[in-house]
1. Exactly one of these conditions fails for I164: (1) within 15 Å of V216 (Cβ to Cβ); (2) open to solvent by 50 Å² or more (accessible area, probe 1.4 Å). Give me its number.
2. Could you tell me which numbered condition D181 fails, if it satisfies all but one of (1) in contact with a strand residue (DSSP E or B) (Cβ under 6 Å, 6 or more places away or on another chain); (2) at positive phi?
3. Does the range 359-368 include one or more residues that are farther than 30 Å from S261 by Cα and assigned to a loop (DSSP other than H, G, I, E, B)?
4. Do you know which residues across the range 91-113 are free of Cβ contacts under 8 Å to residues at least 24 places away in the same chain and open to solvent by less than 20 Å² (accessible area, probe 1.4 Å)?
5. Collect the residues in the range 173-193 that are outside any helix (DSSP H, G or I) and more than 21 Å from D144 (Cβ to Cβ), keeping them in residue-number order.
6. Has the range 504-516 got any residue that is under 30 Å from K399 (Cα atoms), of a type outside the set (A, V, I, L, M) and either modelled with pLDDT of 70 or more or assigned to a helix (DSSP H, G or I) (or both)?
7. Residues that are crowded, with 20+ Cβ neighbours inside 10 Å and either in a loop (DSSP other than H, G, I, E, B) or of a type in the set (S, T, Y) (or both): does the range 15-22 have at least one?
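The values are calculated or read from the model by the stated rules, or taken from the named source; none is laboratory data. Worth saying up front: this structure is predicted, and the values here are computed from it rather than measured. Backbone-built Cβ (ideal geometry, glycine too); neighbour counts: all protein chains shown. Side chains are part of the model used for accessible areas, which takes the heavy atoms of the whole protein and leaves out ligands, DNA and RNA. Shrake-Rupley method; radii C 1.70, N 1.55, O 1.52, S 1.80 Å.
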Amino acid sequence: MRKVVLIPTYWSRAKREWREGDAVYDHPTPIDENGTLARTLESMKILTAKDFKLVLLICPTTPDVAAEAERRVLEIIHDVNLHAETYIFTISDLARIADVMFEEDTERKVAPLLNMSGYANVRNMCLLCADILSADAAILIDDDEVFEKADWVERSVEFLGKRIYGDVVYGMAGYYTNKYDQYYDDVKMEHWMTYWDRFGFKAKAFDEIIGSAPRVKRTPFAFGGAMIIHRDMFQSVPFDPEITRGEDIDYVINSRMYGFSFFLDNTLSIKHLPVPKKHPQWKRIREDIYRFVYEREKIASQVKKGNMVMVTPEDFDPYPGVFLREDLDEKIFRSNMMLATDYMMKGDSEGALESMNNIMIATKDAKPKFNAFAKYRKTQKLWELMCEVVAHNRYELRKIMEEHNITNHPIVRNEQSVRQLGKEEIVAALHKVFDFELGDDDWKALADRFFVKTFFEDEMLFRSGDFNETMYIILKGELMLFAGTHKTGGEIEIARLAKGDILGESCLKNQPFTLNCRAIQFTELIGIDRRDIYKLIESRPELGVKFYQQVLVKVVGKMRTNNLYNMSIGGGTVLEAVHDATIVPD
């Protein structure tokens, strides 16, 4: 499964400097401070699986700090030295991606979606990056979190795409723990919360979903910094750009409308250590008013559609469902009256006035001036259109992102598609492929025999009838084996091979390929010619035996994964190739 971890990082002007028109986020990092990103990246060093692509989306509150924010993020990445394939994604990258898309989408229908301002838009750009990178799983993380489980990545995708309780897991939610290792919100309950008991209902929901068996269960809520979304869902369901806060839970509502279910894994915790919020209480409840009123209107304005499911507030009980009912207005009125009284008792007349304003806002400004359900349906259709444009132009879009792949060396190929690598780079690649203990001399001996080849998306590796004289192991990317051609009535996909899979192991039979092979995305392989396999065995028999053992392990794994027991790839079956591979030539 191809995994992409996506972390938006928000940057603002220098501390205490804000100008009208700047985007508003809870706690962007001032450009003259260090922030929390380095802490998050450092924590990722404990992860046992780093077979993912990491994308850091740089989200400035103003274009004025974009260049400096990029410089700071690159500096942090360099200092942390995570040893994971890492990309950055900037507003200038998005502008170039838009230019490519508009060559096909000449009417610029998808232009409103290509936006990196606001939480929902940023989350959508996370999904766009995952789509361009051909991800099967988009793993959404925030830059104020700390990983504490070494197997977090493996757990996050363990059930993704599988069927549980009669339903397929298209969305998986982890959950936050606070500095006290609890899953509850770290807040102090106050008198005015009697009618606005958001944290109380959240605690009840958390106890039901997080604090009880079984491990995996359907959930009415999710956390934006611990969301794992399957390709089938993120290509169909976007975040709603019209919502200003709570885009994560709103996404659960949207996905349910389109027939997808979110599940929560109560072992998938991540520590959330946000910077303390400085907004006054009346402003925080105002943000909740806007989100809950909007979501209530979206649910209330539903009409039956053939490709959708009608949802009710009760589907999201106990939280957020309790805030999506008709009595929401009464909750807002009573709680803000009590909050205003608290402010008055403290001598804060401005806070009291703003609390009273919340009541008026709930009845006027917070209610959308449009049909929220119809508007989101339009957004969803545009999102599907955008994903189609990505599919048609993935090669050009991927090239843009690869320019900011800061962990890759430049790809230099000769006319035979052989990438020019030094011996140390070859040895490093072999270490990733083979699981055995060798001395430095043995590693160098293997490196002398191997070479690296690269193929770009849609590039053919071989065709049926081509002579097979090389065995490859995939370092990155994906290949498709297929029978037939367009001339013979179309291609028939036989199997797909990905990182770690073996290809051409039947080269020892000295027969041509009987299938075709094409790169589905940019692919890098490490290869060894048949003649060099024989020379290795003759010159270093013990090393040759170890090499064969590793090849056998990979061949068996390939057969189990792709059901290739009887597939003829290179003139003989895979089983015959395995048999031949155990025979040392004279």
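1. (2)
2. In the conditions (1) in contact with a strand residue (DSSP E or B) (Cβ under 6 Å, 6 or more places away or on another chain); (2) at positive phi, D181 misses (1) alone.
3. Yes, there is a match, as at least one residue in the range 359-368 is farther than 30 Å from S261 by Cα and assigned to a loop (DSSP other than H, G, I, E, B).
4. Of the range 91-113, the ones free of Cβ contacts under 8 Å to residues at least 24 places away in the same chain are 95, 98-99, 102, 106-108, 111.
The answer is A98, and nothing else.
5. Going through the range 173-193, the residues outside any helix (DSSP H, G or I) turn out to be 173-190.
Hits for the range 173-193 are M189, E190.
6. Initially, the range 504-516 is screened for residues under 30 Å from K399 (Cα atoms), giving 504, 515-516.
Within this subset, residues satisfying the condition of being of a type outside the set (A, V, I, L, M) are 504, 516.
If we keep only those that are either modelled with pLDDT of 70 or more or assigned to a helix (DSSP H, G or I) (or both) as well, we get 504, 516.
Among the residues of the range 504-516, at least one is under 30 Å from K399 (Cα atoms), of a type outside the set (A, V, I, L, M) and either modelled with pLDDT of 70 or more or assigned to a helix (DSSP H, G or I) (or both), which makes the answer yes.
7. To start, the set of residues in the range 15-22 that are crowded, with 20+ Cβ neighbours inside 10 Å comprises none.
No, the conditions are met nowhere in the range 15-22.
Here is a yes/no grid of residues against (1) closer than 20 Å to Q281 by Cα; (2) more than 19 Å from the chain's Cα centre (by Cα); (3) not aromatic (F, W, Y):
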{"site": "Y176", "(1), (2), (3)": "no, no, no"}
{"site": "E190", "(1), (2), (3)": "yes, yes, yes"}
{"site": "R198", "(1), (2), (3)": "yes, yes, yes"}
{"site": "P214", "(1), (2), (3)": "no, yes, yes"}
{"site": "I229", "(1), (2), (3)": "no, no, yes"}
{"site": "Q235", "(1), (2), (3)": "no, no, yes"}
